[in-house]
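A short worksheet on the structure shown next.
The values are calculated or read from the model by the stated rules, or taken from the named source; none is laboratory data. For clarity, every value in this text was computed on a predicted model and none was experimentally measured. Positions of Cβ are backbone-derived with ideal geometry, glycine not excepted, and every protein chain shown enters the neighbour counts.
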Amino acid sequence: MTGAVPDSLERIRDDVTGCFRCPRLVEWRERTAREKRASFRDWDYWGRPVPGFGDPDARLLVVGLAPAAHGGNRTGRVFTGDRSADWLYRALHRAGFANQPTSEHRDDGLRLTGAYVTAVNRCAPPANRPTPEERDNCLPYLEREIALLADLRVIVALGSYALDGLARVFSLRPKPKFGHGAEIAVTGPDGRGGRTIVCSFHPSQQNTFTGRLTEEMLDAVFERARELAG
């Protein structure tokens, strides 16, 4: 009798991109890909769930909410092709985790070193609001990624939704309070400790345009992440 096939990031990628578990999200992501935004009318939209991206030997994991309708849902790479991506990858580049400060499409030459980027939900949700059921359908993918990132030391939670998802993955009770720069020590289901969640406001336009999040604030988060990563 043969044993079970071991899990891998490649297997998670295949499982994610072939997922149809949430009818509302399937309908929305596919309709958005068909109708497109006028400025991207010449694009062949991805229109599927978006897998994680980065270095399998990552010591840093960055977790967001979900792909943007005309960002990751268009390009097929998480945090790519929108203004949130511009902020995130500039910060990762300045901190030494990315070889370039931009993420525009899947073949743009971007490489991450020591970092992996993912999200709680893998499909673009209407109004950026997944339902609790849609969140729970996706969380096993995040759990599997964390289990496979053997060198992981620090997780940056971009926004309170990301922290909520991580609190469920790590069974944190009571749920920790979100605050920019807050740090939470965690032990995984496998019993491995020595990991820290660092919270940051999400680099959404709602936060960056209003000055709630500045580039200096985001840089400080990733400087701290690099320190914790060792």
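Some notes on this structure:
- In region 62-98, the residue that is surrounded by the most Cβ atoms within 10 Å (Cβ to Cβ) out of those that are farther than 23 Å from residue 212 by Cα and in contact with a Leu (Cβ under 7 Å, 6 or more places away or on another chain) is 97.
- All conditions but one from (1) over 27 Å from residue 132 (Cβ atoms); (2) touching a strand residue (DSSP E or B) at 6+ places or on another chain (Cβ under 9 Å); (3) of a type outside the set (Lys, Arg); (4) surrounded by fewer than 16 Cβ atoms within 10 Å (Cβ to Cβ) apply to residue 214; the one that does not is (2).
- Of the numbered criteria (1) under 17 Å from residue 203 (Cβ atoms); (2) in contact with a helix residue (DSSP H, G or I) (Cβ under 6 Å, 6 or more places away or on another chain), the one residue 117 fails is (2).
- Residue that is surrounded by the fewest Cβ atoms within 10 Å (Cβ to Cβ) [pool: residues in region 1-21 that are modelled with pLDDT of 95 or more and among the polar types (S, T, N, Q)]: 8
- Selection status of residue 50, over 18 Å from residue 207 (Cα atoms), without any contact (Cβ under 8 Å) to a residue 60 or more places away in the chain, under 15 Å from the mean Cα position of the chain (by Cα) and not in a helix (DSSP H, G or I): no
- Whichever residue in region 97-135 is part of a helix (DSSP H, G or I) and free of Cβ contacts under 8 Å to residues at least 24 places away in the same chain and, among such residues, is farthest from residue 9 (Cα to Cα): 127
- Region 22-42, residues that are over 23 Å from residue 105 (Cβ atoms) and loosely packed, with under 13 Cβ neighbours inside 10 Å: 23, 27
- Some residue of region 187-201 being assigned to a helix (DSSP H, G or I) and either over 17 Å from the mean Cα position of the chain (by Cα) or touching a residue at least 40 places away in the same chain (Cβ under 8 Å) (or both): no
- Checking each residue in region 75-96 for being assigned to a loop (DSSP other than H, G, I, E, B) and on the phi < 0 side of the Ramachandran plot picks out 77, 78, 80, 82, 95.
- So residue 162, is it closer than 23 Å to residue 86 by Cβ, at pLDDT 95 or above and either in contact with an Asp or Glu (Cβ under 8 Å, 6 or more places away or on another chain) or buried (at least 20 other Cβ atoms within 10 Å of the Cβ) (or both): yes
- Any chance residue 146 is part of a strand (DSSP E or B) and crowded, with 20+ Cβ neighbours inside 10 Å: no
- Residue check, residue 116 in contact with a Leu (Cβ under 6 Å, 6 or more places away or on another chain) and among the aromatic types (Phe, Trp, Tyr): yes
- When region 7-25 is filtered for residues that are of a type in the set (D, E, K, R) and within 18 Å of residue 55 (Cβ to Cβ), the ones remaining, listed by number, are 7, 10, 11, 13.
- Some residue of region 151-168 being of a type outside the set (Asp, Glu), free of Cβ contacts under 8 Å to residues at least 60 places away in the same chain and closer than 30 Å to residue 5 by Cα: yes
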